[in-house]
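Derivation of every value follows stated rules applied to the coordinates shown; laboratory data play no part. All values derive from a computational prediction rather than experimental measurement. No Cβ is skipped: glycine too gets one built from the backbone with ideal geometry, and neighbour counts run over all protein chains shown.
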Amino acid sequence: MAEDALLDTDFREILGTDEATIDNRGRILLSKKKRDRLGDSFAMALGEVGCICAYPEARWRARMKEINGYPPNNQGKLKYTRLLLAGADDELSCDPQGRVVIPKKLQEMGKLKEKVLIVGCGDRIEIWDPEEYVKYEAAPDEYNKERRLQMVSAYNEMKG
């Protein structure tokens, strides 16, 4: 099961919060520690709450393995994959200076402007517009509730 893949002993949690600026090419600079823990190849997707999530390749593959373990005609799977994968991108990496391009579509979906917060969340980083993060912190159960409910509902339907 996918959870077994999450238990590998080489995994080190991604921690802490940093600030960054999106440059005119859509790049942000990641700290060395976050780069090292994210790995050489990673994926980005719009997360459940509406921020951009970047997942180390092993975590992303484990998630895809879980999802792809359900039949192709599973209606919950179809809904969940549309919500998760529509704006996702994989095989991303940092350039030699430690910068990564956030795909334009994800910048728009995540409401990212010039300044961003990079939040370490254990198995992933979250990339937030600072104003959106303040709104989330003020009311986490209400922030982007419709998307969260859609994703949870689709995931639960997929699992049966």
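Taking springs between alpha-carbon atoms closer than 10 angstrom, which of Ala58, Ala138, Ala45 fluctuates most in the Gaussian network model of the chain?
Between Ala58, Ala138, Ala45, it is Ala138 that shows the largest mean-square fluctuation.
On the first, second and third principal axes, largest extent first, how far apart are the outermost C-alpha atoms of the chain in Å?
43, 35, 25
Among Arg35, Arg12, Arg63, which one moves the most in a GNM of the chain with springs linking Cα atoms closer than 10 Å?
Arg12
For segment 101-160 and segment 22-78, write down the distance between their C-alpha centroids in whole Å.
Measuring centre to centre over Cα atoms gives 12 Å.
Can you tell me, using C-alpha contacts under 8 Å and at least 6 residues apart, the relative contact order of segment 82-160 as a whole percent?
Working: 41 pairs, mean separation 13.2, N = 79.
This gives 17 percent for segment 82-160.
Sequence gap at least 6, Cα distance under 8 Å: using those rules, report the relative contact order of the chain to the nearest whole percent.
34
Angle check, please: helix 75-85 long axis (alpha carbons) against the longest principal axis of the chain (alpha carbons), in degrees 0 to 90, nearest 10.
On a 0 to 90 degree scale, this one is about 10.
What longest range of the chain stays clear of loop-exposed GluC sites (Glu not before Pro) (DSSP non-H/G/I/E/B, at most 12 other C-beta within 10 angstrom)?
Working: sites that count: Glu13, Glu114, Glu142.
Here the longest segment lacking exposed loop sites spans 14-113.
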